[in-house]
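The values are calculated or read from the model by the stated rules, or taken from the named source; none is laboratory data. This one's a predicted model, so the numbers in the text were calculated from it and none came from an experiment. Note that we place each Cβ from the backbone using ideal geometry, even for glycine, and neighbour counts take in every protein chain shown. The protein model used for the area step is the full one, side chains on, heavy atoms only, and it has no ligands, DNA or RNA in it. Shrake-Rupley method; radii C 1.70, N 1.55, O 1.52, S 1.80 Å.
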Amino acid sequence: MNSNWLALRPLMRAYQRRFAANLTDHQAAMMARGLPKREKLIGVEDIIVVASGKGGVGKSTVAANFACSLAKLGKRVGLLDGDIFGPSIPLLMNVHSEPLLNSRNLMIPPQNYNVKCLSMGMLMPPDEAIIWRGPLVMSAVQRLLKGAEWGPLDVLVIDTPPGTGDVHLSLTQHTPITGVILVSTPHAAAVEVTLRGAKMFEKLKVPIFGLVENMRFSICDNCKQRIEFFKDASSSKSLPDRLISLPLNSHIAECGEEGVPVVIKYPDTDYSTLFTQLAGHILQVMEERKTASGQDSRP
């Protein structure tokens, strides 16, 4: 192999990548045949995904409290833990028992606080590490999603892992998503990664309800003064509309350890009021969308 050919190899690879990216309509249609067909979950009216590109922003806590708030408003609610490698919903919702199977070999999600819950954490030993590649992860997500008897539900809330990987793609490929609630702290690094997550859902044509801003401030127990932790970042202006801004609250760690969501244990706090507002707003948006599209929103 001569030196001229070796010099041309990087250019040839770049050309091949460019050619592969510019698919014709026929090529795109052929590739789409291999994708799973989106099918509405039997007995589930709407699916809401709680997501964030960044880890450690309180996404699972938001998902658990949001699901419980919907249930307190009289809705039939399910909560699916889509974090295969680091499931936390069993701890947050105090549901650790392995789900039973019905006559059709479908899992029956255990229920607590009027919310049906399902997680890989219920199916694996607590000290077991899950070391899987992409295909196994996507298969597990499909099993949790379609291998359970969720219905009848008004809303299924899905807590997703950080990033923009297999779990998110599998969810959007297998079933229609009503909308996404993004969660982020105002930290510049978290905002930047959350923006990438928002772009992913835009490309997948999944509607975004807005942003839950977490841990921006705290309220002093003594003087009741609001203490701000972050300055307004210029990049945050590119994020979707802010739905609510949650404080850093001393009760959150306590409730997480006890497996009782804050909205259940401390229903009269400002923190719980914010989640009630969030749940009511999302329900109103979904109702307006159905009315605009001519769908019958009755159960």
Task: Filter result (touching a helix residue (DSSP H, G or I) at 6+ places or on another chain (Cβ under 7 Å) and either open to solvent by less than 10 Å² (accessible area, probe 1.4 Å) or not acidic (Asp, Glu) (or both)) within the stretch 188-223 - done: Ala188, Val191, Leu195, Met200, Leu204, Val206, Ile208, Phe209, Val212, Asn214
Task: Verdict on Arg226 being open to solvent by 20 Å² or more (accessible area, probe 1.4 Å), among the basic types (Lys, Arg) and under 19 Å from Ser60 (Cα atoms) - done: no
Task: Residue identified as farther than 24 Å from Thr172 by Cβ and surrounded by 22 or more Cβ atoms within 10 Å (Cβ to Cβ) among Leu118, Leu92 - done: Leu92
- [ ] Could you please find all residues in the stretch 123-140 being assigned to a helix (DSSP H, G or I) and surrounded by fewer than 16 Cβ atoms within 10 Å (Cβ to Cβ)?
- [x] Gly134, Pro135, Leu136, Ser139
- [ ] Hey, can you tell me all the residues within the stretch 103-122 that are in a loop (DSSP other than H, G, I, E, B) and either within 20 Å of Val263 (Cα to Cα) or within 20 Å of the chain's Cα centre (by Cα) (or both)?
- [x] Pro109, Pro110, Tyr113, Asn114, Ser119
- [ ] Could you please tell me which pairs satisfy a Cβ distance under 6 Å, a separation of 6+ or placement on different chains, a first residue in the stretch 279-293 that is closer than 19 Å to Asn65 by Cα and open to solvent by less than 70 Å² (accessible area, probe 1.4 Å), and a second residue that is of a type in the set (A, V, I, L, M) and outside any helix (DSSP H, G or I)?
- [x] Ala279/Leu73
- [ ] Please determine, by comparing only the residues of the stretch 244-258 that are under 10 Å from Asn94 (Cα atoms) and not small (Gly, Ala, Ser), which one is surrounded by the fewest Cβ atoms within 10 Å (Cβ to Cβ).
- [x] Glu257
Task: Residue check, Thr185 crowded, with 19+ Cβ neighbours inside 10 Å, over 15 Å from the mean Cα position of the chain (by Cα) and among the polar types (S, T, N, Q) - done: yes
